[in-house]
1. In terms of Cα to Cα distance under 14 Å, which aspartates and glutamates are near enough to LYS82, apart from those fewer than 8 places away along the same chain?
2. Do the sum for the chain: with -39,500 (n - 2.57) for every DSSP H run of n ≥ 4, divided by all residues, what is the mean residue ellipticity at 222 nm, to the nearest 500 deg cm²/dmol?
3. If packing is taken as the mean number of other Cβ atoms within 10 Å per residue, what is the order of 127-134, 71-78, 258-265, highest first?
4. Starting from the Kirkwood Rh over alpha-carbon pairs, what translational D in µm² s⁻¹ does the chain have by Stokes-Einstein at 25 °C and 0.890 mPa s?
5. Listed here are the pairs LYS266/LYS306; LYS162/LYS307; LYS88/LYS119; LYS97/LYS212; LYS61/LYS252; LYS161/LYS185; which of them are more than 27 Å apart at the Cα?
6. Can you give the translational diffusion coefficient of the range 171-296 in µm²/s, computed by Stokes-Einstein from the Kirkwood radius over Cα pairs at 10 °C and 1.306 mPa s?
7. Determine the principal axes of the Cα atoms in the range 180-242, then give the extent along each, sorted from largest to smallest and rounded to whole angstroms.
8. Kindly express, to the nearest 10 degrees and within the range 0 to 90, the angle between helix 54-69's C-alpha long axis and the longest C-alpha principal axis of the chain.
Amino acid sequence: MIRSMLALTAAALLFSCTKTNSPSDATATSSANRDAKSNHTKVIGFSQIGAESAWRSAETKSIQEEAKKRGYDLRFSDAQQKQENQIKALRTFIAQKVDAIVLAPVVETGWEPVLREAKAANIPVILVDRGITTSDPSLYTTLIASDFVNEGRMAGDWLAKKTGGKAKVVELQGTPGAAPANDRKAGFAEVAQKNPGLQIIKSQTGEFTRAKGKEVMEAFLKSDGPNIQAVYAHNDDMALGAVQAIEESGRKPGKDILIVSVDGTKDAFQAMADGKMNAVVECNPLLGPAVFDAVDKISGGSQVEKKVVVQDKTYDQTEAAQALPTRQY
Ligand code: AHR
């Protein structure tokens, strides 16, 4: 209790205290920063991973729109899948003395030095959609994300039920080292362990992109073609790449080879309605409102949860066809 009150006070202080320049960072005060301070608009730095998937573009849009709606000055940086670019962006935000940083970390490890710099500068960090590995959780204020391990379990459970626990599966993994790639793999593997007939016969990264998902699926079809009974893709873009590869090989995606993935994009719902994909575990990217609820709370000195878990749901073809007309991303 006392601990959480202290955390709350610290978070409130991080937002409200007036930051003074040390001699070493005096030159770093940018004109943008001076402008922001003079009109009292809160400045938020957002370091985004890139635009590798429809999911990510929807997340970016949601955060940008919500910032605008609530009157925040959002500084956006696209890291093009590189952690070094995210670290650079964070250092720029720190130099600009932003009021808070929103970080979608591309991989789980390697953040501690830069997050210590943010902490030393009294800037709260909100992790969005992906978590990090750290021995010091005080380096971030809150994490807003889905439970990726559970998403992997949900995909595995769906496939186990559909096949009676027997299928030769190829797995398209996300970006190496990324939380959703590690965790979705682990969750699915748990289900496979309980269902020994559910065998992952090949597993490789498709980097969360449609082009790479297609390329890797083509290679799987060449090496293991007739044996493949199902695809488990860590996201919809790779699953849609696999759909193309399977069609081009002369087999029918969704019929000859079952396809289950994670995200719940409009294109995947369309593919399910068309019978080309079979099930999707929704991972909601519309995180703007939750992010700025947290920013508002921290700013106003209210308590924020250390972790806000976004709820996920599995859709099959029938449910996808029904939901398609109102699908938002
Ligand atoms: O971190 C969420 C994952 O990242 C989404 O599943 C994927 O599409 C994205 O690129």
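Please treat every number below as a calculation from the coordinates, not as lab data. Not measured: the values here are computed from a predicted model. With ideal geometry, Cβ positions are generated from the backbone for all residues, glycine too; neighbour counts draw on all protein chains shown.
1. Excluding near neighbours in sequence, the set is GLU52, GLU108, GLU207.
2. Working: 12 runs with 150 residues, N = 329.
It lands at -14500 deg cm²/dmol.
3. 258-265, 127-134, 71-78
4. Stokes-Einstein gives a translational diffusion coefficient of 118 µm²/s.
5. Pairs exceeding 27 Å: LYS266/LYS306; LYS162/LYS307; LYS97/LYS212; LYS61/LYS252.
6. It comes out at roughly 106 µm²/s.
7. Between the extreme Cα coordinates on each principal axis of the range 180-242 lie 32, 29, 14 Å.
8. So the inclination is approximately 30 degrees.
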